[in-house]
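Here the structure is laid out as structure tokens; the discussion comes afterwards.
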Amino acid sequence: MSTGRWERVEDLFAAALERPPEQRETYVAGAGDAEVTGDVLALLRAHEQGGRLDGIADQLRALGGGGAAGRMEEMVGRLRAGLRERYHIERELARGGMAIVLLAEDTKHGRKVALKVLQPTLALSIGPARFLREIAIAAQLTHPHILPLHDSGEVDGLLYYVMPY
């Protein structure tokens, strides 16, 4: 999928989510571009089937095609610039449908950490306030099988949290 088409899918999906659920399909159908409309309608169906983020993420990843690598590099560059005084980002550790995990050094404490960043397209659908609220709740949990959260926030529109490496 071309970068231009992917951007149209993202924009139309985000705009559709701002409308009441009963108006979304009609709004998308009026967009004109049949290929983009079909992709967005598929994303909306996944979103409306209980809001399962993994299903939405899988579809977004599949639609992203070749432009995804360039977007990821741009995202990591924005993170490096925004977090440079606190974290030195070294490399990518993992990538999934919902997030990318980066190895970083916490320059304040001299330790390796995993920096998990929510995919920007998912941030559009679930909203930053909800993600940050969930992180605040998770930060209160204490259990031997749950990694503690060291930090979280937003930088240049990207939502992240930090956990032990």
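The values are calculated or read from the model by the stated rules, or taken from the named source; none is laboratory data. All of these numbers come straight from a predicted model, not from anything done at the bench. Here the Cβ positions follow ideal geometry from the backbone for every residue, glycine too, while neighbour counts run over all protein chains shown.
Tabulated data
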item: Some residue of the stretch 49-60 being modelled with pLDDT of 80 or more and either surrounded by 12 or more Cβ atoms within 10 Å (Cβ to Cβ) or part of a strand (DSSP E or B) (or both); result: no
item: Qualifying positions in the stretch 142-154 - touching a helix residue (DSSP H, G or I) at 6+ places or on another chain (Cβ under 7 Å) and modelled with pLDDT under 85; result: E154
item: Yes/no for L93 being buried (at least 18 other Cβ atoms within 10 Å of the Cβ), at pLDDT 85 or above and in a strand (DSSP E or B); result: no
